[in-house]
Structures are given as structure tokens and as C-alpha cells.
Amino acid sequence: MKKKQENTKLNKIKFYIIAIIFIIVLVCFFYNIYKLIIQPTKSFVVERGKIYKEEQAIGYVIRDESVIKGQNYKNGIVQIKNEGEKVSKGDPVFRYYSNNESDLVKKIEELDNEIQDAMSEQNDIFSSDMKLLDKQINEILGKISTTNSRNLIEEYKKNINNLITKKAKIAGELSPAGSYIKKLIEKRSTYENELNSGAEYINAERSGIVSYRIDGLEETLTPNSFNMLSPEYLAKLNLKTGQIISTSNESGKIVNNFECYIATILRSDKAKEAKVNDNVTIRLSNLNEINSKIEYIATESDGSILLVLKIDKEVEELINYRKISFDVIWWSYEGLKIPNNSILQDGEISYIIRNRVGYTDKIAVKILKQNDDYAIIDNYTAVELQKMGYSSEEIKNMRNITLNDEILLNPNM
């Protein structure tokens, strides 16, 4: 009986020991899971990268542009030059529809069909001039099949009509039915003259690129109006960021394609330190980074800074917009890139903890440039370390940081 009680007591002790071990294992397991969730990674692989000091901005595009408009703007536009096409001074840009244009065009098309029918019956006309005209017509038809430009297609059609008219005139001279064809040609010429005399052509007053996107601010937001800009003035324009300017059916404009300006309101310390003629990089929404120069600065009553940046790249890309979002990049630096939370301070010396196969080394590093999240670093030279007070033996035993090294994050934790 006594032996049975001792066995029971021993079994209870074993049970309690096993239970305690199980609880300890369970606690350790959940603790490690907790650490894994709260701190999923404790290391970083040194990489070669670039860091920026930048800020997001909203800008208003200011262009050197001239609106061109005629008397018959209510008739609607026939584009001669495409959106974004370059023109020289004096080139025709567009024309307005003439009065009764649709009726005249219809009558001319009907006459063209009659002339074609009359000519098709004259199979005995084989002059070299006729063959040459047929060859030219076929060449133009081939060009039409390879282009999507509406203006080019209209131009090709006009050329074909002119060639057909020439053929008709030759047929009128050489064929027995010439008098009938001549009458058709004369009638067509009358309609064509009436059509051309009623059309108003608008020519470029300067060289540049053509745009039909008119928003009414072409005469207001100009390179000569920087001193009129203010946060209040720009806000009252009620423009939407990234909205594409609508195409006008009444007028066009010629835009200086060599340069434009972006006005923006900033509040950062870097903006307050900026000066006219400083170079600044900007990043557009298409992620292209382009150089700009500060052309104008004004400090507003609320402490904000109005900057006008001049750019000479991507001008055509901005023609569709008046208000854009972009990034102002004050500086950028490239080299060995590490997170700030991997850096420790020992007096005036910065260092990192490198981990190689479980062995750690404390390595002094030189911080070349730093932003809010990352730093660009390099190794100290022997001369620099000597000036900092390290002995030759200490310098000899020091390690260097290299690309793809693994370093610890939050090493003081």
C-alpha cells in the first residue's frame, strides 16, 4: 500500500514537471512568433542606390503662347496643322468653314462622279499625260492606306481631285464628248471658287508648335506676369490637378516649344533657402526627371514661398495641362545605401554592425549624404582615421563595409 502511494506521488511529480516544460516551450514559441511579427527582419543587405531630398508639389504651367482667331470663329474649324505640329511664321494653321460649305462640297462630289463616268466612256484616250496622271493618283492612294492623319488624308484627297480635274481637261480636249466634260469642269470650278472665296484661313503669327487646347488663361498666365502671382490668385483659378485642357473649335494657338515655366507654392526649409538661378531637378508624373532653374521667388504673407521654375525639356508633354502634380528634388546622391536605423553613434563617429555567418564586426563609416530614411556611406581612409586619433595597429585591424554586406537594423535594441 505504501509503495503504491509512493508511485502515485512520483507520477504526479513527473506530470507537473512535464506540464511546466510544456508551458515554457509554449511561451518561448509564442514569444518568438511575437518577435517575428513585430520585427519581421533584423538585417539589411548593403546596396548601391540613390537617395533624394524631395517634396511633392502642385504646379501651374505658364507658357509663352499666342492665341490665333479669325472673324468667322462661329463657323467651326478645319485643322490644317495637327495638334503639336511645328509651324513657321506665315504657315496656314487652320481655316474656318465657309457659309454653305456642306452644300458646295456635296455638289462638287456629285460633279466629280459625273466627270469620272464621262471619262470612263472614253477608252480611246491614251496620251502620255493621262498615263502619268493615273500613275500619280495610284501613288497617292497608296499613301492614304498607310496614314492615320486626318489632315494628311484630306490633303491627299484634294490632290487626287486636282489630278482628276487635270485628266478631265485633257479628256475634254481629246475626246468627242469633250464639250460635255468641259461644261462639267467649268461648273465644278465655279463651285470650288465659291467654296475657297468664302473660307477664312488663319496663319501662324510666329514660329512654334500648334495647339487647339484653349483655356482662356493664355493672356493671363504669361512669362511677364510673375509679379501678379500669389496663392490666393492661383486658388481662384479653380483648376483641377491633371485635368486635360479641352480642344477649341473656334481658335488655336502657337506655343513656344523651347521653354515654359511652372509656378508652385512651397513651405519647406529648402524652399526658404532657395535663391534665384539655383538649379533644381523636378520629376514629372511620367517619372522623367528634368533640370530646371529658379526664375522667380516671392515670400508670401503666410510664410509660404512662391517659386517659378523654368524648364527647357518636356515642353510638348505639358501643353495638354495647366495644373500638374510633380516632385521638387533639391538634391540627389548615389553610393552605398543603408537605412538610418542601422547607424549607431559613438561620440562623433558613426558605425554599423556587420553580420557575417553569425559573427559581428563594428565598422566605422563615413556618412556622405542623408535624408529622412536612408544614408549614403563610405569607408574612412587610413589618413582620415589617423587624424581621428586611431593608432596604426587599430587601423590595421579595422574592417571595411562592401556591397552586399549584411548589416543589423536597430543594433542597439
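Just the residues that are of a type outside the set (Asp, Glu), surrounded by 15 or more Cβ atoms within 10 Å (Cβ to Cβ) and either modelled with pLDDT of 90 or more or more than 46 Å from the chain's Cα centre (by Cα) (or both), please, taken from the range 395-413.
395, 398, 401, 407, 408, 409
For the range 342-349, indicate whether the set of residues that are crowded, with 17+ Cβ neighbours inside 10 Å, of a type outside the set (Lys, Arg), in contact with a strand residue (DSSP E or B) (Cβ under 6 Å, 6 or more places away or on another chain) and assigned to a helix (DSSP H, G or I) is non-empty.
Yes, because at least one residue in the range 342-349 is crowded, with 17+ Cβ neighbours inside 10 Å, of a type outside the set (Lys, Arg), in contact with a strand residue (DSSP E or B) (Cβ under 6 Å, 6 or more places away or on another chain) and assigned to a helix (DSSP H, G or I).
Output yes when any residue across the range 238-245 is at pLDDT 95 or above, among the polar types (S, T, N, Q) and under 19 Å from residue 297 (Cα atoms), and no when none is.
No, the range 238-245 contains no residue that is at pLDDT 95 or above, among the polar types (S, T, N, Q) and under 19 Å from residue 297 (Cα atoms).
Here is a yes/no grid of residues against (1) aliphatic (A, V, I, L, M); (2) at pLDDT 60 or above; (3) more than 30 Å from residue 412 (Cα to Cα); (4) outside the structural domain of residue 285 (by TED's automatic domain parsing):
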site: 5; (1), (2), (3), (4): no, no, yes, yes
site: 8; (1), (2), (3), (4): no, yes, yes, yes
site: 13; (1), (2), (3), (4): yes, yes, yes, yes
site: 16; (1), (2), (3), (4): no, yes, yes, yes
site: 23; (1), (2), (3), (4): yes, yes, yes, yes
site: 31; (1), (2), (3), (4): no, no, no, yes
site: 61; (1), (2), (3), (4): yes, yes, yes, no
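Given the conditions (1) touching a Cys at 6+ places or on another chain (Cβ under 8 Å); (2) surrounded by fewer than 14 Cβ atoms within 10 Å (Cβ to Cβ); (3) charged (D, E, K, R), which single one is not true for residue 109?
The one condition residue 109 does not meet is (1).
With respect to residue 300, is the statement that it is surrounded by fewer than 18 Cβ atoms within 10 Å (Cβ to Cβ), touching a Ser or Thr at 6+ places or on another chain (Cβ under 8 Å) and acidic (Asp, Glu) true?
It is true that residue 300 is surrounded by fewer than 18 Cβ atoms within 10 Å (Cβ to Cβ), touching a Ser or Thr at 6+ places or on another chain (Cβ under 8 Å) and acidic (Asp, Glu).
Hey, can you tell me all the residues within the range 359-394 that are crowded, with 18+ Cβ neighbours inside 10 Å, among the aromatic types (Phe, Trp, Tyr) and outside any loop (DSSP other than H, G, I, E, B)?
374 - this is the single residue of the range 359-394 that is crowded, with 18+ Cβ neighbours inside 10 Å, among the aromatic types (Phe, Trp, Tyr) and outside any loop (DSSP other than H, G, I, E, B).
One residue is enough: does the range 214-221 have a residue meeting the conditions among the acidic types (Asp, Glu), part of a loop (DSSP other than H, G, I, E, B), under 23 Å from residue 249 (Cβ atoms) and modelled with pLDDT of 95 or more?
yes
Let me spell it out: the conditions are (1) touching an Asp or Glu at 6+ places or on another chain (Cβ under 7 Å); (2) under 30 Å from residue 269 (Cα atoms); (3) acidic (Asp, Glu), and residue 47 meets all of them except one. Which number is the exception?
Here residue 47 meets the rest and fails (1).
Residues checked against (1) at pLDDT below 95; (2) basic (Lys, Arg); (3) over 30 Å from residue 294 (Cα atoms):
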{"site": "342", "(1), (2), (3)": "yes, no, yes"}
{"site": "350", "(1), (2), (3)": "yes, no, yes"}
{"site": "356", "(1), (2), (3)": "yes, yes, yes"}
{"site": "371", "(1), (2), (3)": "yes, no, no"}
{"site": "390", "(1), (2), (3)": "yes, no, yes"}
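Hey, can you tell me all the residues within the range 321-334 that are surrounded by 16 or more Cβ atoms within 10 Å (Cβ to Cβ) and touching an Asp or Glu at 6+ places or on another chain (Cβ under 9 Å)?
Those that are surrounded by 16 or more Cβ atoms within 10 Å (Cβ to Cβ) and touching an Asp or Glu at 6+ places or on another chain (Cβ under 9 Å): 322, 327, 328, 329, 330.
Of the residues 332, 292, 325, only one is in a strand (DSSP E or B) and free of Cβ contacts under 8 Å to residues at least 40 places away in the same chain; which? Before you say what the answer is, go through the steps one by one.
Numbers: 332 fails: free of Cβ contacts under 8 Å to residues at least 40 places away in the same chain; 325 fails: free of Cβ contacts under 8 Å to residues at least 40 places away in the same chain.
It is 292.
The values are calculated or read from the model by the stated rules, or taken from the named source; none is laboratory data. Please read all numbers here as calculations on a predicted model, not as lab measurements. A quick note on method: Cβ atoms are made from the backbone with ideal geometry, for glycine too, and the neighbour counts reach across all protein chains shown.
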